[in-house]
1. Considering only protein heavy atoms and a probe of 1.4 Å, how much of the accessible area of the chain is carbon and sulfur, as a whole percent?
2. With a cut-off of 8 Å between alpha carbons and a minimum separation of six or more residues, what is the relative contact order of the chain in percent?
3. Could you pull out the pairs from Lys16/Lys118; Lys15/Lys43; Lys78/Lys103; Lys57/Lys78; Lys6/Lys103 whose alpha carbons sit more than 19 Å apart here?
4. Do the sum for the chain: with -39,500 (n - 2.57) for every DSSP H run of n ≥ 4, divided by all residues, what is the mean residue ellipticity at 222 nm, to the nearest 500 deg cm²/dmol?
5. On full extension of the chain, what length is gained from Ile124 through Val89, given 0.36 nm per residue of separation minus the C-alpha to C-alpha distance?
6. In the stretch 24-112, if every C-alpha pair distance is counted and binned at 10 Å from zero, what percent goes to each bin?
7. Please grab the % of Cα pairs in the chain that end up more than 27 Å from each other.
8. With angles folded into 0 to 90 degrees, how steeply does helix 74-85 sit against the dominant principal axis of the chain? Use alpha carbons for both and round to 10.
Amino acid sequence: QSGIEKTIRQRIIDKKWLRGVISMPSNIFANTGTNVSVLFIDKSNQNGEVLLMDASKMGTKVKVGKNQKTVLSPDELKTIFETFTNNEVIDDFSILVTYDQIKEKNYSFSAGQYFDVKIEYVDITQEEYEKMIDDFNNDFAKYVEETTQFQIEIREVLKELKINE
């Protein structure tokens, strides 16, 4: 987020040269564990949006000599290609952002920083809530009892060890 890398990102955005960025899985190249992002430069994308894609969770890890490498399947490559080509927005995978949004995020090209945070909400009745709390309290009491019993057993073993010295 600083130094020469940020300066390069800043220049690309300020000049409006970016078409998109694909964040690839780690170890996509067998000889380095460095995270790799593929930048697509398009000087004609002056007023357009930029597609940011997080493909970092894709791929299968395989051993190549002494190194580990991540290999993308043909289906995964097709998904990446089609999503990028079609400027497709897919939850937690790809997002279209403006140059101004990228500036606001300190020139970050990481798609994950632009995804919406989703909070799962489950509507339950008062009775269901009370049952959940009761179950939690019962489980907690059981764990406390088990811990207490375990402490007693440890003390007994320690006493036996001291006697047998």
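1. The nonpolar share, carbon plus sulfur, comes to 53 percent.
2. 20 percent
3. Going by Cα-Cα distance, Lys16/Lys118; Lys78/Lys103 fall outside the 19 Å limit.
4. Counting only the DSSP helices, I get -14000 deg cm²/dmol.
5. 9.4 nm
6. 16, 43, 29, 11, 1
7. 53 percent
8. That works out to roughly 50 degrees.
The values are calculated or read from the model by the stated rules, or taken from the named source; none is laboratory data. Predicted model only: the values in this text are computed from it and were never measured. Note: areas computed on protein heavy atoms with side chains; ligands, DNA, RNA excluded. Shrake-Rupley method; radii C 1.70, N 1.55, O 1.52, S 1.80 Å.
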